[in-house]
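S.K.: The structure that follows is given in the form of structure tokens.
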Amino acid sequence: MTVKRGLLIGRMQPIHKGHVQVILKTLEEVDEVIIGVGSAQESHTVTNPFTAGERVLMIEQALADEGVDSSRYYIIPMEDIYTNAIWVSYVKMMTPPFSIVFSGNPLVQRLFYEEDFEVKAPPLFNRTLLSGTEVRKRMINGGNWQELVPKKTIELINEIDGINRIRHLAKKELSER
Ligand code: NAD
């Protein structure tokens, strides 16, 4: 039997409970999922506070905590490239072969659709609250960001002093205006 493999790519800055739900949902449809950690070159900014390595760890720990067998996923950091028109080829070069793409991002959907991939938009889980923007806003403003992310992610962010990092960066960017 051929392995049915799907791709899910996201910045995961940081991973939140919506991402976890979407990964679990994807695993109901495919044998293996490739989780692309997008914009891997980005870190230490207000919109992209965490490094690719930190994000890999967040995903791995969250999935282990959910009891997902690690043989069912690959986590692959992927840097952005300037040229959207050849991005799909670049992603293919960096990943095991896959036949289906799961994304709610219109640009990602369009680029894979034009290269004849099957593209599916996964259902959104409480998108108003479960978004990276909301998590980062709460981290900066002292809100309850913890309720939006997996338990293990709270521990990791505390361990790497992530809240002080994003608050420090937010201050710096404000004073530069
Ligand atoms: P994201 O972290 O915002 O989302 C990842 C996925 O999770 C998306 O499919 C999104 O729909 C889904 N999701 C998020 N919240 C959800 C919720 N509450 N419920 C259900 N699903 C939810 O990441 P993104 O912006 O989609 O990531 C795309 C990545 O691809 C970026 O890093 C981008 O730079 C990269 N990209 C690069 C190029 C290029 O290099 N030229 C081109 C296109 C895309």
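The values are calculated or read from the model by the stated rules, or taken from the named source; none is laboratory data. Please read all numbers here as calculations on a predicted model, not as lab measurements. Here Cβ is always computed from backbone atoms with ideal geometry, including for glycine, and neighbour counts include all displayed protein chains. Only protein heavy atoms, including side chains, enter the accessible area calculation; ligands, DNA and RNA are left aside. Shrake-Rupley method; radii C 1.70, N 1.55, O 1.52, S 1.80 Å.
S.K.: Based on the Cβ-Cβ distance from SER131 to ASP80, what FRET efficiency comes out when R0 is 25 Å, to the nearest 0.05?
M.R.: Computed FRET efficiency for SER131 and ASP80 comes out at 0.80.
S.K.: By per-residue mean of other Cβ atoms within 10 Å, what is the highest-first order of 154-163, 14-23?
M.R.: Taking the mean over residues of other Cβ atoms within 10 Å, the ranking is 14-23, 154-163.
S.K.: Taking amide H atoms as placed 1.01 Å from N in the peptide plane, list the residues 5 or more away in sequence, or in a different chain, whose amide H sits under 5 Å from that of VAL119.
M.R.: VAL101
S.K.: Take each complete run of DSSP H in the chain, measure how far its Cα atoms stretch along the helix's own axis, and keep only those covering 27 Å or more with mean Kyte-Doolittle hydropathy at least 1.6; list them.
M.R.: Counting only whole DSSP H runs, no helix qualifies.
S.K.: If you don't mind, there's one more thing I want to ask. Which net charge results for the neighbourhood of VAL37, defined as the other residues with beta-carbon distances under 14 angstrom from its beta-carbon, given Lys and Arg at +1 and Asp and Glu at -1?
M.R.: -3
S.K.: Shifting gears a bit: How big is the charge dipole of segment 27-71 about its Cα centre, in debye rounded to the nearest 20, if each Lys and Arg gets +1 on its Cβ and each Asp and Glu gets -1 on its Cβ?
M.R.: That gives a dipole near 380 debye.
S.K.: First select every other residue whose beta carbon is under 11 angstrom from the beta carbon of SER71; then total the charges, Lys and Arg +1, Asp and Glu -1.
M.R.: -2
S.K.: Just want the answer: with Cβ charges of +1 for Lys and Arg and -1 for Asp and Glu, which residue in LEU129, VAL33, ILE81 is farthest toward the dipole's positive end in segment 1-150?
M.R.: Farthest towards the positive pole: LEU129.
S.K.: Still on this structure, I have one more. Taking the simple approach of a point 7 Å from Cα along Cα-to-Cβ for both ASP116 and ASN141, what is their distance in nm?
M.R.: 4.8
S.K.: What accessible area per residue, rounded to a whole number of Å², is obtained for segment 30-127 using a probe radius of 1.4 Å?
M.R.: Computed with neighbouring chains in place, this is 53 Å² per residue.
S.K.: Explain nothing, just the number: dipole magnitude of segment 53-177 about its Cα centre with +1 on each Lys and Arg Cβ and -1 on each Asp and Glu Cβ, in debye rounded to the nearest 20.
M.R.: Charge dipole of segment 53-177: 540 debye, to the nearest 20.
S.K.: For the pair ASN164/SER71, report the inter-label distance in nm, with labels modelled 7 Å from Cα in the Cβ direction.
M.R.: 4.3
S.K.: Another question about this same structure. Segment 1-49 to segment 77-109: how many Å between their Cα centroids?
M.R.: Going from one Cα centre to the other spans 12 Å.
S.K.: Which value, in debye to the nearest 20, gives the size of the charge dipole of segment 1-127 about its Cα centre, when Lys and Arg are +1 and Asp and Glu are -1 at the Cβ?
M.R.: Approximately 240 debye in magnitude.
S.K.: How large is the helix-only mean residue ellipticity at 222 nm for the chain, computed as the sum of -39500 (n - 2.57) over DSSP H runs with n ≥ 4, divided by its residue count, in deg cm²/dmol to the nearest 500?
M.R.: -13000 deg cm²/dmol
S.K.: What is the packing order of peptides 86-99, 57-70, taking the mean over residues of other C-beta atoms within 10 Å and listing the highest first?
M.R.: The most tightly packed comes first, giving 57-70, 86-99.
S.K.: Something else now. Just add up the charged neighbours of LEU27: K/R +1, D/E -1, any other residue whose Cβ is under 15 Å from the Cβ of LEU27.
M.R.: -3
S.K.: Would you please state which residues of segment 84-108 a label at LEU124 would reach in this model, taking the label point 7 Å out along Cα→Cβ and a backbone N cut-off of under 16 Å?
M.R.: 103-108
S.K.: So, one more: Charges on Cβ only, +1 for Lys and Arg, -1 for Asp and Glu, centred on the Cα centroid of the chain; of GLN21, PRO96, ALA170, which one is farthest towards the dipole's positive end?
M.R.: About the Cα centre, the residue reaching furthest to the positive side is ALA170.
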